[in-house]
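J.: What follows is a structure written as structure tokens; I'll ask about it next.
Read-outs throughout are calculated quantities, based only on the coordinates presented, and are distinct from any laboratory measurement. All values derive from a computational prediction rather than experimental measurement. As a convention, Cβ positions derive from the backbone with ideal geometry for all residues, glycine included, and neighbour counts pool all protein chains shown.
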Amino acid sequence: MISPIWIFIVVLALMFLALGVTKIIHTPGKEPSEWWNWANDFSAAQVKLIGVVEVVCALGILVPKLLGHGYYLTSASALGLTLLMGAACYTHFRRKEYELLGIAAAFLAFAFVVAYFTSPILISDSSSSGLVAWLNR
């Protein structure tokens, strides 16, 4: 049976893989839509670096769970995406892009859920029950 946290992990990894690859292949000045106006505040190298971080964290969320060891990497990668999305929320708030702020906040919450429920501290706690035990079964 697939645990609920696996669904979160796979969806989060696929979202950030797609977003990261899009940023890596992005051509400055040729934004695909008005949703990319935030990229004008950053250099091409910075946008590509953000994309690389997203791809590395997406792989860091998925690969340890697939291999069956290194669970702390899943939590650490999800925490990294949480911090990255916090910076994205700040950028969209500063630019008054409230629609994108809501989307970034949803991604932040999604990444935080994965970071929290894959935390090695919670998983190794033998007294954990309820939601944490159900998500990690």
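J.: Identify all residues within segment 41-74 that are within 12 Å of Leu12 (Cβ to Cβ) and either within 12 Å of the chain's Cα centre (by Cα) or free of Cβ contacts under 8 Å to residues at least 40 places away in the same chain (or both); write none if there are none.
T.: Within segment 41-74, Glu54, Cys57, Ala58, Leu59, Gly60, Ile61, Leu62, Thr74 meet the criteria.
J.: Go over the candidates Lys65, Lys96 one by one and state the one that is under 17 Å from Phe16 (Cα atoms) and basic (Lys, Arg).
T.: Lys65
J.: While we're looking at this one, here's another question. Given Gly70, Gly80, Gly86, which one is surrounded by 18 or more Cβ atoms within 10 Å (Cβ to Cβ) and closer than 27 Å to Pro120 by Cα?
T.: After applying the criteria, what remains is Gly80.
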